[in-house]
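Right, one structure below, let's go through it.
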Amino acid sequence: MREHIAGGALTETTFLVLLSTYTPNHGYGIMQFIERETHGRVLLGAGTLYGAINTLVKKKWIAPFGDAEPGSNKKTYVITDLGKQMAEKELNRLRELYGLASRIIGGEPK
Amino acid sequence: MKKRVFRYFFDFTDGQEKWLNEMAAKGWRLVKCGQLTYDFERCEPGEYEYAVEFVADKSYAKSRDYKAFLESMGYKTFYKNVYVGIFFGIKWRPWGEGAGQIATAPGSLRKELIIVEKKNDGKSFEFHTDLTDLLTLYRKIRMAYFWYAGGMFAFALLLLFYAVRTNSLYGVGCGTLRGARVPVAHTGFEDFAKSPKTQGRS
């Protein structure tokens, strides 16, 4: 998963995976979280999710959390401080974008 | 009720996936797959859905990790081959990723694909929902095809070159090993050919 270098924007997949790991979560939980919180607008494929998790682990934005549940092979992940920084940066970027768009499209006086 | 079908797919991802889904729509569920066979048993038409994942670029450890991940998502998985063979084998995959460049059997060789089965729940069964992810995947598959097609082309060219060369230079039967060796014996290699080391050969 590549991010836009110039704008610093995260892909939607990346951002959503980061948000879903604020509380420790496993693959299936992440998929359900995203589906639920976007009201089914974003449905993450298992292949894409696997790639996204591995990329984020490699970047140290999320990290494996504890041991896998006994008797199952479900690995759990949790967001790191670096990941939180990136998510906050993205939130600020979106706020700025939201302000701009509201001003232009919504005609808000600002 | 069970049945066994013999099949091989050159269009190993999309073509195979489409066929498995057609079988499932007709009420046949995959229970086992061999190198060229598929065993099915009866199920409700449309009860299951299939996706075929390309993992030949991954090392065996990584492909198993992915398989375990898919199983933890609640899917059933099968390993499936693209490469056909029955002996111990080792293969170089120049397009592979890291340790995925070397495939051995037993190991990742003949486990180039993962067939994933999901119980149909009305939701989409797209595996790659991100555009960059999809592009990366197709790039990998294209590289695999490219190396195999290129390899075969190079091999054909070599054979052709060999046949033409032996034919035009020596006027011997096209490409037989004996034909190629006879003239070599007249060009200073006679002693070598007669040396005790090579006596046993003919």
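Condition (residue is part of a helix (DSSP H, G or I) and over 30 Å from B:TRP28 (Cα atoms)) applied to the range B:122-131: is it met by at least one residue? Scanning the range B:122-131, I find at least one residue that is part of a helix (DSSP H, G or I) and over 30 Å from B:TRP28 (Cα atoms), so the answer is yes.
If I go through the range A:17-63 residue by residue, how many of them are outside any loop (DSSP other than H, G, I, E, B), away from chain B (no Cβ under 11 Å) and without any contact (Cβ under 8 Å) to a residue 40 or more places away in the chain? So the answer is 7.
Quickly run through the range A:74-102 and pick out the residues that are among the acidic types (Asp, Glu) and either closer than 22 Å to A:ASN25 by Cβ or in contact with a Ser or Thr (Cβ under 7 Å, 6 or more places away or on another chain) (or both). Those that are among the acidic types (Asp, Glu) and either closer than 22 Å to A:ASN25 by Cβ or in contact with a Ser or Thr (Cβ under 7 Å, 6 or more places away or on another chain) (or both): A:ASP81, A:GLU88, A:GLU90.
This table checks each residue for (1) assigned by TED's automatic domain parsing to the domain that holds B:TYR145; (2) over 27 Å from A:THR76 (Cβ atoms); (3) surrounded by 21 or more Cβ atoms within 10 Å (Cβ to Cβ).
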{"position": "B:GLU53", "(1), (2), (3)": "no, no, yes"}
{"position": "B:ALA56", "(1), (2), (3)": "no, yes, yes"}
{"position": "B:GLU71", "(1), (2), (3)": "no, no, no"}
{"position": "B:PHE78", "(1), (2), (3)": "no, no, no"}
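The condition (being touching a His at 6+ places or on another chain (Cβ under 8 Å), in a helix (DSSP H, G or I), modelled with pLDDT of 85 or more and not assigned by TED's automatic domain parsing to the domain that holds B:VAL52) is satisfied by just one residue among B:LEU137, B:LEU158: B:LEU137. Taken together, the residues in the range B:90-145 that are surrounded by fewer than 13 Cβ atoms within 10 Å (Cβ to Cβ) and closer than 30 Å to B:CYS43 by Cβ amount to 5. Can we say B:PRO183 is within 28 Å of the chain's Cα centre (by Cα), modelled with pLDDT under 75 and over 17 Å from B:ASP14 (Cα atoms)? For B:PRO183, the condition - within 28 Å of the chain's Cα centre (by Cα), modelled with pLDDT under 75 and over 17 Å from B:ASP14 (Cα atoms) - is not met. Where strands (runs of 3 or more DSSP E) fall wholly inside the range B:21-93, the ranges with 3 or more residues that are free of Cβ contacts under 8 Å to residues at least 24 places away in the same chain are B:89-92.
The values are calculated or read from the model by the stated rules, or taken from the named source; none is laboratory data. Since we're looking at a predicted model, the values are computed, not measured. Because the Cβ atoms are built from the backbone with ideal geometry, glycine has one as well, and the counts that use them run over all protein chains shown.
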